[in-house]
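Report on the structure given below.
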Amino acid sequence: MDATPTMHAMVWQAAGQALQMEERPVPEPGPGQLRLRVLACAVCRTDVHLIDGELPFARPPVVPGHEIVGRIEALGPLVQAGVGGWRLGQRVGVPWLGHTCGHCDYCAAGQENLCDHPGWTGCTRDGGFATHVLAEADYVFDLDDLPLDDVHAAPLLCAGLIGYRAYRRAGRGQRLGLYGFGAAAHLLVQLARSEGWQVYAFTRAGDTAAQAHARRLGAVWAGASEEPPPHLLDAAILFAPVGALVPLALRAVRKGGRVVCAGIQMSDIPGFPYRDLWQERQLVSVANLTRADGQAYLRAVRQTPPQVHVQVYPLAQANEALADLRAGRVLGAAVLRP
């Protein structure tokens, strides 16, 4: 009798615990699902928040990872195959948004990123820190013609997507500030520059490597987050999950400017004088993404592929990748490769 095929996964059990490698049976896709062989999965700051127990809606035990590039290995029942559908061997991407209910007020209004009953890849359902993963066919993206290889495409599935949504919420202008120059910012600076923005990059004090990286990618200025920029900004996007940066960013934008908080988790925002918000400055947040965001961003990538800087780790070193990301030792994006 043939042995049951098995897979490997790095599993999170509880807050503060390191991921543990497990061997599991390879799952069969259910109705509407695809089974993918994982080719690469980027590591996101949200994965750090998950491991640290900062996401109250997480459902351990769970396999983290929501920036997945994989190949379709099996089609579940009710999945449209062939022309206009999915096919075995096709390369696809799996993002954070893994499911929506389709009938709540938000879904009905086209705001599926705010769905009342969502499913989050690598948080409420198993993700891509594994050799195999299941995904709902309606929530994956076709990557067959994307002009990037697997490890360089993986960071687009969250760093690229959430950066794109935050960027579109920033409005129009000439000067854009990016607070926190990690995976998302290093992709977004290239898109913003191509659309005519002057980009100002803010990093941890003393992080000269990140500042030099920002300048190489087109930032006109790079400095510490506590420094005022040489010119007032039209908009600023906060990727760093540090609430204390919000008042600094508000003071850095002009009258009528906008500050966008792009993270899923942030430390508390300290009190600040009303005058920092006055004169029609705006403070907004970004929650998740929609499938339309993903399609629009990937169209932009196909037209102008970004330089994607990655640091690659084998799957078994997922804990090392998370530690490096937490400590700010990753320039660009960390990516796991099974």
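Determine if the range 166-183 includes at least one residue that is crowded, with 19+ Cβ neighbours inside 10 Å, at positive phi and either touching a residue at least 60 places away in the same chain (Cβ under 8 Å) or part of a helix (DSSP H, G or I) (or both). Within the range 166-183 (the criterion being crowded, with 19+ Cβ neighbours inside 10 Å, at positive phi and either touching a residue at least 60 places away in the same chain (Cβ under 8 Å) or part of a helix (DSSP H, G or I) (or both)), the answer is yes, since at least one residue qualifies.
Of the listed requirements (1) farther than 16 Å from ASN319 by Cβ; (2) surrounded by fewer than 13 Cβ atoms within 10 Å (Cβ to Cβ); (3) over 19 Å from the mean Cα position of the chain (by Cα), LEU34 misses just one: (2).
The single condition among (1) closer than 17 Å to PRO29 by Cβ; (2) open to solvent by 10 Å² or more (accessible area, probe 1.4 Å); (3) touching a residue at least 12 places away in the same chain (Cβ under 8 Å) that GLY82 does not meet is (3). Residues in the range 1-16 that are open to solvent by 20 Å² or more (accessible area, probe 1.4 Å) and touching a residue at least 24 places away in the same chain (Cβ under 8 Å): HIS8, GLN13, ALA14, ALA15, GLY16.
Selection of the range 103-142 for residues being more than 18 Å from GLN33 (Cβ to Cβ) and part of a loop (DSSP other than H, G, I, E, B) yields HIS103, CYS104, ALA109, GLY110, GLN111, CYS115, ASP116, PHE129.
Applying the criterion of at least 1 residues that are at positive phi to the strands (runs of 3 or more DSSP E) found wholly in the range 200-306 leaves 253-261.
Suppose we filter LEU156, LEU188, LEU161 for residues that are farther than 30 Å from LEU75 by Cβ and open to solvent by less than 50 Å² (accessible area, probe 1.4 Å); which single one remains? First the steps, then the outcome.
Working: LEU156 fails: farther than 30 Å from LEU75 by Cβ; LEU161 fails: farther than 30 Å from LEU75 by Cβ.
Checking each option against the conditions leaves just LEU188.
In the range 47-69, the residues that are in contact (Cβ under 8 Å) with a residue 12 or more places away in the chain and aromatic (Phe, Trp, Tyr) form Cβ pairs under 8 Å with partners that are outside any helix (DSSP H, G or I) and open to solvent by less than 40 Å² (accessible area, probe 1.4 Å), at six or more places apart or across chains, as follows: PHE57/TRP120; PHE57/CYS123; PHE57/THR124.
The values are calculated or read from the model by the stated rules, or taken from the named source; none is laboratory data. Bear in mind that the values here come from a model prediction, so they are computed numbers and not experimental data. Neighbour counts are summed over all protein chains in view; Cβ atoms, including those assigned to glycine, are modelled from backbone coordinates with ideal geometry. With ligands, DNA and RNA removed, areas are computed over all heavy atoms of the protein, side chains included. Shrake-Rupley method; radii C 1.70, N 1.55, O 1.52, S 1.80 Å.
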